[in-house]
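What follows is a short report on a single structure.
Computed from the coordinates by the stated procedures, all read-outs in this text should not be read as laboratory data. The shown structure was predicted, so the numbers you read here are calculated from the model rather than taken from an experiment. A quick note on method: Cβ atoms are made from the backbone with ideal geometry, for glycine too, and the neighbour counts reach across all protein chains shown.
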Amino acid sequence: MSFLLYLLSVDVHLDALISDVLFTGKLVKSLLIDANPRFKEIFEKSRGSQPKLVHITPLYKDVGGKVRCLYSFAMKSGGGWKIERVAINSGVYRFYIGFVESNTQGTVSFDEIYNTLLNVGGVHRFLNYTVKADLSSVSIVNVAAHVRNAVRELLMGSGKVKIVFSSPTLLRDPLRSNKFKSLIPIPLNIFSTPVYILHHLSGKLTTRNVGRTLLILHRLLNEPYSYLRTTIMKWVAYERSKNPIPALVGYVNLYLNKAYHEQYSKAYELEGLLENVFTTMLVLGTGTSRASGFGHVLVETIRKD
């Protein structure tokens, strides 16, 4: 089975007057569905064991020289919640869309995605607001080259790699059923979704294969105690009428376990395995609700001092 993974970076100029409790992944979904009604079907929840092969992000905005992911989150205030509002005014915003192109069910073609983005321009109704959108640019992110450098540095250089939870992330515990969510960023949970998707795409999806790959990654990469400081939980306000959702943001540095590296190098092609898993994760995200804007992940190279 052949397949291609794409991650597109999309800049869009929005003209609106929004100040509301909002998870901006919903706005991105609304723009895409308006541009191509078939996306309503694409974004529907997956049934059974079929993984979602499309991933979007919330909007990103340069705020004071720093790129910020835009979403409302809540903080405890007395006996209730204090919820931060999101402002969408006139300006250029960015979002990402990752997808798989193949001849299997549940995938979309590059041409359909690209043409959908070309049709995003126009006046849209979102909630009780009017949003005027104009497509500014679309570019293909060179995920493969980026991942290749990070993996080589991990295996042959510093022995470290940085995993950034760029949008709020709902990690999945692979040892529990019913898509059990976790806020503990250990390799077993971080990689459970991309490993599952990778085996599905390669036609080798069995519980044994997924478990064996996750065990290799869990032993090969060690999480430090510092993840307790570098990751935090945010109460994300996804639905205005429902309680906020606990999700993970921040980053964790993973360290190469040299003993397991030596052991597994004799039986597995670790560089290729890590490149495939990291590429799948960067394109399709990790955890649950990836087609709603959750689980966008960055892999950053950490070089020797």
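In whole angstrom, how far apart do the alpha carbon centroids of region 57-85 and region 190-246 sit?
After rounding, the separation between the Cα centres reads 23 Å.
Note down, for region 180-233, the three equivalent ellipsoid semi-axes (square root of 5 times each alpha carbon gyration tensor eigenvalue), biggest first, whole angstrom.
Each semi-axis is √(5λ); the values are 24, 12, 8 Å.
For region 75-217, restrict the atom set to alpha-carbon positions and state the Rg and Dmax in Å.
When restricted to Cα atoms, region 75-217 yields Rg and Dmax of 20.0, 54 Å.
Shape of region 3-140 from its Cα gyration tensor (a ≥ b ≥ c, root eigenvalues): rounded if a/c is under 1.5, otherwise prolate when a/b > b/c, or oblate?
prolate
Starting from the eigenvalues of the Cα gyration tensor, five times each then square-rooted, give me the equivalent ellipsoid semi-axes of region 1-75, largest first, whole Å.
Computed over region 1-75, the values are 26, 16, 14 Å.
Return the Rg/Rh value of region 136-205, two decimal places, where both radii are evaluated on C-alpha atoms and Rh is the Kirkwood radius.
Expressed as Rg/Rh, it is 1.03.
By how many nm would the segment from E271 to R152 grow when fully extended, if each residue of separation counts as 0.36 nm and the alpha-carbon distance is taken off?
The span from E271 to R152 would gain 42.1 nm if fully extended.
Write down the Å³ per residue value for the convex hull defined by the alpha carbon atoms of region 143-301.
It comes to 112 Å³ per residue, whole-number rounded.
Around L135, with a cut-off of 14 angstrom between Cβ atoms, what is the net charge of the other residues, counting Lys and Arg +1 and Asp and Glu -1?
-2
Express the C-alpha Rg of region 228-291 as a ratio against the empirical globular expectation 2.2 N^0.38 Å, rounded to two decimals.
1.60
Working from the alpha-carbon coordinates of the chain, get Rg over Rh, Rh being the Kirkwood radius.
0.96
Work out, step by step, the length gained on full extension between A259 and T230: first 0.36 nm times the residue separation, then minus their alpha carbon distance; give nm to one decimal.
Length difference between fully extended and current span is 7.8 nm.
Placing unit charges on C-beta atoms (Lys and Arg positive, Asp and Glu negative, everything else neutral), compute the dipole magnitude of region 143-301 about its Cα centre in debye, rounded to 20.
400
What FRET efficiency comes out for the pair R219/N103, r = Cβ-Cβ distance, R0 = 35 Å, nearest 0.05?
That pair, R219 with N103, gives E of 0.50.
Treat every Asp and Glu Cβ in region 3-140 as -1 and every Lys and Arg Cβ as +1, leave all other atoms uncharged, and give the resulting dipole magnitude about the Cα centre to the nearest 20 debye.
In debye, rounded to 20, region 3-140 gives about 620.
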